[in-house]
Each structure stands twice: as C-alpha cells, then as structure tokens.
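The values are calculated or read from the model by the stated rules, or taken from the named source; none is laboratory data. On a predicted model such as this, the values are computed, not experimentally measured, just so you know. Please note: Cβ atoms are built from the backbone with ideal geometry, for glycine as well, and neighbour counts cover all protein chains shown.
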Amino acid sequence: MNDYLIELRNVSFVRQGRAILKDVGLKIHRGEIVTLIGPNGAGKSSLLKLALGLETISSGQRIIQPDLRIGYMPQKMTIPDTLPLSVKHFLELAKRYDKSKLMSVSERLSIIDLLKRPMQKLSGGELQRVLLARALLSNPELLVLDEPVQGLDVSGQAELYHLISDLKDELDCGILMVSHDLHLVMAATNKVICLNGHICCEGHPQTVQNDPSYLELFGRSMPAHLAPYTHHHDHTHDEHCQHDHSHDHDDKGAQ
Amino acid sequence: MMWLLDSLLAGWLLSLMSGPLGSFIVWRRMAYFGDTLAHSALLGITLGFMFDVQLNLAIVLCAVFVALILASLQRQHFIPSDTLLGLMAHTTLAAGLVTLSLVDNVRIDINAYLFGDLLAVNRDDVITLAIGSAVVLLVLSRMWKGLLAVSVSEELAQVEGYQVGRLRLLFMVLLAVVIAGAMKLVGVLLITALLIIPAAAARPLSQGPKQMAALATIISMLAVAMGLGLSYYFDTPAGPSIVLTSAFFFLLSQSGYRLIKQN
C-alpha cells in the first residue's frame, strides 16, 4: 500500500480570479476507495478534474504514476440528437477498445441488451451503467467517478455501490469518487474527505464517525438511515478549520 | 460538354470530402464556424494574388490562421461565441473585398468568387481536387475514431489519452481544404450550405455515424448532378442551383421520415 497511484500535494485552484480550492492534499492507493463529500460548489468536481488533468492546478503538485490507466465516468453526458450513436458505437470509441473486452464488460454490467439502443434513448440508470462500462474498457488502475449514483432510487444506488466495490476488488484498482450522500457509500469507502473549498475533515469512515468534529459536521442522527438529514457549511474559510460550523446537504439519498 | 463533365467531376470529388466533414460540422454544432472560415477564403485569394502564392494553398493557410485566431479569442469570456464568429466572418470578408480593390493589376470577377462559377472549373482543378480529396479521405479514415470521440466528449477523450488539441487542429485543416476546394464551384457564400444540408438530410435516415457520413456524401453527389443539370438547361448559376437541390433532398428526407413515423 506504500505506492500510490496519484497524489495531489498542497493543490490550489483559481478559476477566473475565484479561488475554488485551497491547499488540498489527496493520495489514492491501489485497492482503496476515496470518497469526496461536501456541499454544492465545494469544489468536488474541480478536484476530480484536477486529478484527471482536465484542469490545470494553480499551485501545488500533481504526482501521477507514469502511464497510469485512468477510467473516468463523468457526472452526465448529453449526446446531441444530430449524432446517430448506438451504445455499441459509443463504447467502441474507447481508446483501448477491443471486442472481447467490450462483450465481457457489457455482460458484467448487464448492458448487453442495450448495445443496439441509441444513446439518446437510455434511462438515467442505463446511461450510468454505459458510462461505467466505457470507463472499464480502459482497464483502469484508477477509476474516477463523478456522482455515479445520481438520480437512481435507493435500491439502485445500493446496487451500483455494491458493483463498484466488487469491481475494485476484481480490477485491483483505486477509486476516487464524488458522492452527494454519505450513508450508502459508508460501508465500501476506505476514506472520506469532506470538502468545502479546503479539506474540512478526512479519514476512515469508522474512525471519523466517532470523531467529535465529525459528529459536529454531520449530526448525531447517523442511524436514522431513512430520514433526510441536513448539515450546514456556513463558515468562512480559515487555514485551520475549527469544525464549529454546521452543514447543509439537501440529501435526496435517504428514502 | 467537356466543361460540364469537369464541373461534375469536381463537384463529386468535393462531395466525397463534404459528406463526412459536413456530418462532423452538424454533430459538433460548428455550422457558423465553418461559415466564418469560408468567409475568410476571399481574403486568402487576395493575399495569394498579392504575394504570388498558389491560390488554393493561400486559402487553406488563411482559413487555418483565422481558425487559430478564433480559438485564442474564444478563451476570453466577455464576448459570446456567436458574436465572435459573426465578427470574424464579416471582418475577413470585408478585408478580402477591400484588399482586392487595392490590388490593381488583378481583374477578377467578384461574383464568381462569391457565388461560384461553373465555367471557371477546368481539368487542372479536377486533378487538384482529386489529390485533395484522396488525402482528406485517407486522413479522415485513419483519424475517424479520434475525431468522433472528441465530438462526443472532449473530456472523456482526453482522459482516455486522445490528443484532443491535435485532433481539433486537424479538423480545422481538413475543413480549410474543403473550403478551398469548394470555392470555385459554389463560392464563398454558399460553401457552408454544401457542407451542412446533405448531412442534415442524411440524419433521419441514419442509424450510425459512418452511415450518416456515407449518406450525406451520396445525397451531396445527387444534388451536384441535379444542380449542374438545372444550371446547364436553364442557365441558372451553378452554386445556388446545387444548394437548392440539396435543400430539396433535405425536405424529401424530412417528410419521408415523418410519413414513416406516422405509419
């Protein structure tokens, strides 16, 4: 576990004169799931894009294993109606595409029946499985998922998280993902990072769960799986976060 | 009759390029971008005359130059993309017209460059177009997957290791070559129509990207043949006649598609 796949060291990100991220550190090892949580506008997606190299860091360092194979599942994707593109066509565009791999991945994600369907005619859940399939076609060592379960119902979410956790073991890859809701990812995640422009708190969910500052952040009502919960982020960003703030998540994850 | 054959061949060779590239323009919503590059072609011609550069080469260079300026201007956020495109299109057209009037030892027919001139196409043009379209088709077939991946999602393509910047530049160069080739036949103002109308007509009939590109090519070839026929028998201008027949095919495919859908 000593060799990491990717590391961001003291990274800051400024876009159009606005500071999005400040002094953030992140390290992902093989076989590890790191989950980013935080309110809207906390810079979760920006952090993913920095890790992927899609955005350029303003200061700090991005250290990445040479020739690291990355699979990326974007939050959403709209294929223009002007482009006739079946699921199979879409998957064939993967840089490292080969036919047998396509069939095995499609089988694994149960999308065989969708292969002939136009991309524009997929439901939310189907599109997510197709996007995940495309990410898997790169045979990734690092899998980056931007809100993978967005828009699914609770059982669908649990199923997809289960699948992701299984895939991690099968591929022996590292996973970095953004999630809106904490409860469902808890079991599978090795490390949770709570982000709000800077890192508010991080650690193994079990340890963090007992941390007073964590309880301050997310409330004590953790067992209340089925109730929507809220937490607030209304503090200013100082260097050393005091965790005396409350959070607000509009959490649609819970039933 | 020989000149008609040359025009027909030139038009068909052009269709081989404009079918696939026009499809990309439709997929990537770059119609105005193509139009802007086309408008710069006249400036390319005058600069070619002034500095004694081969005209087709001058058009290509000028269009690529304009494309690069556009790409760098689009990085700022104060002026929206469509305004920028309109600004560049008309500025380069105006610059072309003004510089043309300053070059006094050249007497050329502006109309021919704006709307195309059937009679101007000769055997040499056909040969140039044949070489040009062979190169464009070869490059397209080799880079097809990358160009399509970038059109579907630039982010995903970049993460997977496609050379997104290079592919984008390549697309501009290919487009510039088509514009240079189309200039004589249909003229600056109608080139975009030749690119997008056959692709738009092919869309409802297509199930996949390659199929759409192929259908667009066929429709474009039919439109060229019919347009030239019209032009020959009724003495109408060639470029506009081709564009009108393309539009006719577009209407046909639209209404055909609706009829099929209803039943």
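The table below lists the values:
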item: Some residue of the range B:86-94 being buried (at least 20 other Cβ atoms within 10 Å of the Cβ) and farther than 16 Å from residue B:175 by Cβ; result: yes
item: Only one of B:31, B:63 that is crowded, with 24+ Cβ neighbours inside 10 Å and under 30 Å from residue A:79 (Cβ atoms); result: B:63
item: Tabulated pairs, the range A:38-57, first within 14 Å of chain B (Cβ to nearest Cβ), second basic (Lys, Arg), C-beta under 7 angstrom, 6+ apart or interchain; result: A:50/A:62; A:55/A:49
item: Residue within the range B:215-223 that is away from chain A (no Cβ under 14 Å), more than 30 Å from residue B:61 (Cα to Cα) and out of contact with any Phe, Trp or Tyr (no Cβ under 6 Å at 6 or more places or on another chain) present; result: yes
item: Some residue of the range A:108-124 being more than 19 Å from residue B:149 (Cα to Cα), charged (D, E, K, R), out of contact with any Phe, Trp or Tyr (no Cβ under 9 Å at 6 or more places or on another chain) and within 12 Å of another protein chain (Cβ to nearest Cβ); result: no
item: Verdict on residue A:76 being touching a strand residue (DSSP E or B) at 6+ places or on another chain (Cβ under 8 Å), at pLDDT below 90 and farther than 19 Å from residue A:173 by Cα; result: no
item: Residues within the range B:136-195 that are more than 14 Å from the chain's Cα centre (by Cα), within 14 Å of chain A (Cβ to nearest Cβ) and hydrophobic (A, V, I, L, M, F, W, C), tallied; result: 12
item: In the range A:72-91, residue surrounded by the fewest Cβ atoms within 10 Å (Cβ to Cβ) [restricted to those that are more than 8 Å from every other protein chain (Cβ to nearest Cβ) and closer than 13 Å to residue A:131 by Cα]; result: A:78
item: Of all residues making up the range A:17-37, the number that are away from chain B (no Cβ under 14 Å) and free of Cβ contacts under 8 Å to residues at least 60 places away in the same chain; result: 1
item: Single residue of the range A:128-166 satisfying the filter (surrounded by fewer than 20 Cβ atoms within 10 Å (Cβ to Cβ) and aliphatic (A, V, I, L, M)) that is farthest from residue A:94 (Cα to Cα); result: A:154
item: Test: residue in the range A:56-64 that is charged (D, E, K, R), over 20 Å from residue B:156 (Cα atoms) and surrounded by fewer than 19 Cβ atoms within 10 Å (Cβ to Cβ); result: no
item: Failed item, numbered, when residue B:192 is tested on (1) surrounded by fewer than 24 Cβ atoms within 10 Å (Cβ to Cβ); (2) under 30 Å from residue B:96 (Cβ atoms); (3) of a type in the set (S, T, N, Q); result: (1)
item: Residue check, residue B:75 basic (Lys, Arg) and either more than 29 Å from residue B:219 (Cβ to Cβ) or in a helix (DSSP H, G or I) (or both); result: yes
item: Spans of helices (runs of 4 or more DSSP H) in the range B:1-58 with at least 1 residues touching an Asp or Glu at 6+ places or on another chain (Cβ under 8 Å) and farther than 13 Å from residue B:181 by Cα; result: B:2-27, B:31-39
item: Test result for residue B:131, away from chain A (no Cβ under 14 Å), farther than 20 Å from residue A:94 by Cβ and assigned to a loop (DSSP other than H, G, I, E, B); result: no
item: Residues satisfying the stated conditions in the range A:9-28, i.e. surrounded by 16 or more Cβ atoms within 10 Å (Cβ to Cβ) and within 15 Å of the chain's Cα centre (by Cα); result: A:26, A:28
